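Engineer: Just dropping this structure here.
The values are calculated or read from the model by the stated rules, or taken from the named source; none is laboratory data. The structure displayed is predicted, hence computed values, not measured ones. Every residue, glycine among them, receives a Cβ derived from its backbone with ideal geometry; neighbour counts consider all protein chains shown. Ligands, DNA and RNA are stripped out before the accessible areas are found, and what is left, the full protein with its side chains, is counted by its heavy atoms. Shrake-Rupley method; radii C 1.70, N 1.55, O 1.52, S 1.80 Å.
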Amino acid sequence: MSQLINKTGFIEDDWQGEILPFDAFWNGQDLPEEEPFGVAIDVATDPFDLQPWFGRVDMIVIPFAGFADGRGFSLARKLRQLGYQGRIRAQGHLLVDQFRAAMRVGIDQLEISDDLAARMPEHQWKAVPLSDSYQSHLNAA
């Protein structure tokens, strides 16, 4: 199982769609006719390769294999800079200390294991200040 977190705290997963692997786009797999659907990408994915589907993809899932790997943050930021408007979910090993950075680059939700959630309870996530910083003018798209 896992725990989903957004800027309000621990939340229930309201996602009702299918999540496809990014390879499905390149391998000619038929895309779902019904919305919503999402895509799970690798941190090495070039966001330009996904840009033609921005209008159809409702959620992009970015994996975080370890807390020391920041490529997912860069990828999320690039997706937002390219104009992706849908939901971005970070999935994997993320820490409370990384929550503010995740929100600032455009990640909407974090999905962590129940074990991590037990070690970092909801009150710790809610204590993270998410207000604008002195650099917030740099984030304007």
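Engineer: I'm checking my understanding of the structure. Among residues of segment 62-87 that are surrounded by 22 or more Cβ atoms within 10 Å (Cβ to Cβ) and closer than 15 Å to residue 112 by Cβ, which one is modelled with the highest pLDDT? Let's see the steps before the verdict.
Structural biologist: Here is the first cut: in segment 62-87, the residues surrounded by 22 or more Cβ atoms within 10 Å (Cβ to Cβ) are 62, 64, 72, 75-76, 79.
Filter once more, so that each one left must be closer than 15 Å to residue 112 by Cβ: 62, 64, 72.
On the way: 62: 97, 64: 94, 72: 94.
Step by step, filter segment 62-87, then rank; the result is 62.
Engineer: For segment 94-107, how many residues are open to solvent by less than 40 Å² (accessible area, probe 1.4 Å) and charged (D, E, K, R)?
Structural biologist: 0
Engineer: Counting only residues that are modelled with pLDDT of 90 or more and open to solvent by less than 80 Å² (accessible area, probe 1.4 Å), how many does segment 23-42 have?
Structural biologist: Applying the first criterion (modelled with pLDDT of 90 or more) to segment 23-42 yields 38-42.
Now restrict to residues that are open to solvent by less than 80 Å² (accessible area, probe 1.4 Å): 38-41.
Qualifying residue count, segment 23-42: 4.
Engineer: Is it the case that some residue within segment 27-45 is out of contact with any strand residue (DSSP E or B) (no Cβ under 8 Å at 6 or more places or on another chain) and in a helix (DSSP H, G or I)?
Structural biologist: For segment 27-45, residues out of contact with any strand residue (DSSP E or B) (no Cβ under 8 Å at 6 or more places or on another chain) and in a helix (DSSP H, G or I): absent.
Engineer: Follow-up. Just checking, which of 16, 85 is touching a residue at least 12 places away in the same chain (Cβ under 8 Å) and touching a Phe, Trp or Tyr at 6+ places or on another chain (Cβ under 8 Å)? So that I can check it myself, show each step before the final result.
Structural biologist: On the way: 16 fails: touching a Phe, Trp or Tyr at 6+ places or on another chain (Cβ under 8 Å).
The match here is 85.
Engineer: Still on this structure, I have one more. Name the residue, out of 110, 116, 20, 50, that is part of a strand (DSSP E or B), over 12 Å from the mean Cα position of the chain (by Cα) and surrounded by 14 or more Cβ atoms within 10 Å (Cβ to Cβ).
Structural biologist: Values: 110 fails: over 12 Å from the mean Cα position of the chain (by Cα); 116 fails: part of a strand (DSSP E or B); 50 fails: part of a strand (DSSP E or B).
Going through 110, 116, 20, 50 in turn, just one is part of a strand (DSSP E or B), over 12 Å from the mean Cα position of the chain (by Cα) and surrounded by 14 or more Cβ atoms within 10 Å (Cβ to Cβ): 20.
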